[in-house]
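Asks: The structure under discussion is supplied below as structure tokens; questions concerning it will follow.
The values are calculated or read from the model by the stated rules, or taken from the named source; none is laboratory data. Model, not experiment: these values are computed from the prediction. Positions of Cβ are backbone-derived with ideal geometry, glycine not excepted, and every protein chain shown enters the neighbour counts. What goes into the accessible areas is simple: the full protein's heavy atoms, side chains included, and nothing from ligands, DNA or RNA. Shrake-Rupley method; radii C 1.70, N 1.55, O 1.52, S 1.80 Å.
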Amino acid sequence: MQNIQPVELAKAYRLLNHGPTTIVTSAHAGVSNVMAAAWAMPLDFDPPKILLVIDSSTLTRELVEASGEFALNIPTRALAETTLAVGSSSGRDGDKFSALDIATFPSQKIAAPLISGCLAWLECKVIPELHNQQRYDLFIAEVVAAWADAAAFSAGRWHFPADDQRSLHYLSGGAFFATGEAFNVELRP
């Protein structure tokens with residue numbers, strides 16, 4: 001028999017939270033912000049849509065609601081400290097881009113900047129679903145442009161070139177793990 005232990009319900013989300021942690025960038029009326037978000041996931045293929053949870057008290061939420069857009073940046077293990085820092089402070093207390101010396105470059109279809117050194121970038125436009133946004137802090141967005149570092153993603157597949165170039169996965173309390181080694185399984189006929 002396996003050693004099966006109960007999981008505290010308040011921590012049950014950790015069993016499912018295996019997707020890459022993202023860094024969300026937003027901008028409106030000359031103000032930009034950056035925050036970490038572990039609760040982002042794909043929703044649909046054509047057109048591509050994603051789901052993102054943004055707490056109602058954040059500056060990012062205010063900017064996303066005003067602009068109707070945001071970017072998801074997929075950070076590397078090398079950006080773990082930056083990821084934790086942008087998720088542990090508020091943009092209302094000052095410019096996190098300047099304070100943390102975060103290098104950016106312009107997006108193509110939205111106003112939010114993209115973060116240099118990431119593995120991939122998704123430019124997103126919000127599909128208004130006020131009930132979901134207000135009740136669950138859940139945003140549905142269409143991906144209007146997507147970019148990837150060819151060293152890590154090409155031909156529709158991830159292939160992480162080095163340990164510090166793997167995607168991050170947030171557990172809690174500053175603990176992360178990096179995407180592990182990929183392997184294939186084939187079904188027998």
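Asks: Please list 100, 79, 114 in order of solvent-accessible area, largest first, computed with a 1.4 Å probe with all protein chains present.
Replies: So the residues, ranked largest to smallest area, are 100, 79, 114.
Asks: Using the Cα centre as the reference, give the magnitude of the dipole from point charges on the C-beta atoms of the chain (Lys, Arg: +1; Asp, Glu: -1; all else neutral), rounded to the nearest 20 debye.
Replies: The dipole of the chain has a size of about 260 debye.
Asks: Which order do peptides 117-123, 68-74 fall in by mean Cβ count within 10 Å, highest first?
Replies: The densest-packed peptide leads the list: 68-74, 117-123.
Asks: Same structure again: Give, in nm to one decimal, the length gained when the segment between residue 105 and residue 187 is fully stretched (0.36 nm per residue of separation minus the Cα-Cα distance).
Replies: Between residue 105 and residue 187, full extension yields an extra 25.2 nm.
Asks: I've got another one for you. Within 10 Å, count the other beta carbons around each residue, average over each peptide in 25-38, 51-64, and list them highest first.
Replies: Going from most to least packed, we get 25-38, 51-64.
Asks: Okay, next question. With labels modelled as points extended 7 Å from the Cα through the Cβ direction, what inter-label distance (nm, one decimal) is found for residue 135 paired with residue 155?
Replies: It is 4.6 nm.
Asks: Next question, about the same structure. Indicate the gyration tensor shape class of segment 125-184 (rounded, prolate or oblate), computed on the Cα atoms with a ≥ b ≥ c the square roots of the eigenvalues: a/c under 1.5 is rounded; otherwise a/b larger than b/c is prolate and the rest oblate.
Replies: oblate
Asks: Also, I was wondering about something else. Under a GNM of the chain (C-alpha, springs under 10 Å), which listed residue has the highest mean-square fluctuation: 96, 49, 109?
Replies: 109
Asks: Taking the dipole about the Cα centre of segment 20-123, with the C-beta of Lys and Arg at +1 and of Asp and Glu at -1, give me whichever of 68, 120, 86 is farthest to the positive side.
Replies: Projecting each Cα onto the dipole axis, the largest value belongs to 120.
Asks: Classify segment 14-103 from the C-alpha gyration tensor, please: rounded if a/c falls under 1.5, else prolate or oblate depending on whether a/b exceeds b/c.
Replies: The shape class here is oblate.
Asks: Quick check: Cα centre of segment 81-132 to Cα centre of segment 55-69, how many Å?
Replies: 11
Asks: Return a whole-number percent for the relative contact order of the chain, with Cα pairs under 8 Å and 6 or more residues apart as the contact set.
Replies: 23
Asks: Check cross-link reach from residue 109 to the aspartates and glutamates: straight Cα distance under 14 Å, and skip same-chain residues fewer than eight apart.
Replies: 69, 123, 142
Asks: Place the peptides 126-134, 166-174 in order of packing, highest mean first, counting for every residue the other Cβ atoms within 10 Å and averaging per peptide.
Replies: Most protected by this proxy first, the peptides run 166-174, 126-134.
Asks: Run the numbers for residue 172 and residue 44: contour at 0.36 nm per residue of separation, minus the present Cα-Cα distance, in nm.
Replies: Full extension from residue 172 to residue 44 adds 43.3 nm.
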